[in-house]
Structures are given as C-alpha cells and as structure tokens.
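Input: a single structure, listed below in structure tokens.
The values are calculated or read from the model by the stated rules, or taken from the named source; none is laboratory data. Computed from a predicted structure; not experimentally measured. Only protein heavy atoms, including side chains, enter the accessible area calculation; ligands, DNA and RNA are left aside. Shrake-Rupley method; radii C 1.70, N 1.55, O 1.52, S 1.80 Å.
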Amino acid sequence: MDDAVPETPAVAQDQPAPDPGYDPASPAPLNVPRTPTGDAGVDAALDRLGDADHLATDGHLEVYEDVHRGLRDALTALDARPGPPAPPRPYEHRS
C-alpha cells in the first residue's frame, strides 16, 4: 500500500498555471456603478464608498461609518432648512 500524497495538485494540460501573484484575499474593486443624485453631500458620501475597494475587509468599517455619518448629516440638513411658515391656528388664542 502506497500512502504517498502529491505535494501540489496536478494542473491539467489544457489549463494555464495559476498566477503566482494572484491572492484571492487581497482587496479588489467591486466596480458597482454609482449614479449621481444631484445632491453634492450625498454624492460625496457615495463616492467615498469607492475607497473601500482598495482596503482589506477590516478597513471597510471605517469607510462605511463615515458614509453613514455623511448620509445622516445630509438628511438632518433637510430638516434644518427653513420652510414656509405654519398657518396661524385661529382657535388657539381664546380670551
């Protein structure tokens, strides 16, 4: 009985040898298209997502938190804009 195990798997003759520089765990861009929204703050936050393409997974959290903060600030700014004055309430001031 022969218990010898080959050290490396054999590569089929019709398939190219794997690229020795390829690392499946290395960062790779997702190339997800981002459509501009027309709001400069929102677009800047969404563009920041592209920074995660070049980071290892453990660096994504900082980018995602930064984007979330930017989007939350953009929504908060919508509430802070002055709108039209509220109509008077005629029954509120009775004497």
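Brief remarks follow.
- Rounded to the nearest whole Hz, the Karplus-based 3J(HN,Hα) values (6.51 cos²θ - 1.76 cosθ + 1.60, θ = phi - 60°) of segment 81-90 follow the sequence 5, x, x, x, x, 5, x, x, 9, x, with x at glycine and proline.
- Stokes-Einstein diffusion coefficient of segment 34-95, Kirkwood radius over Cα pairs, 20 °C, 1.002 mPa s, in µm²/s: 147
- Solvent-accessible area, 1.4 Å probe, carbon plus sulfur percent, for segment 16-88: 61
- In order along segment 43-59, phi translates into HN-Hα couplings of 4, 5, 5, 5, 5, 4, 4, x, 5, 5, 4, 10, 10, 5, 4, 5, x Hz, rounded to whole numbers, per the Karplus curve 6.51 cos²θ - 1.76 cosθ + 1.60 with θ = phi - 60° and x for Gly and Pro.
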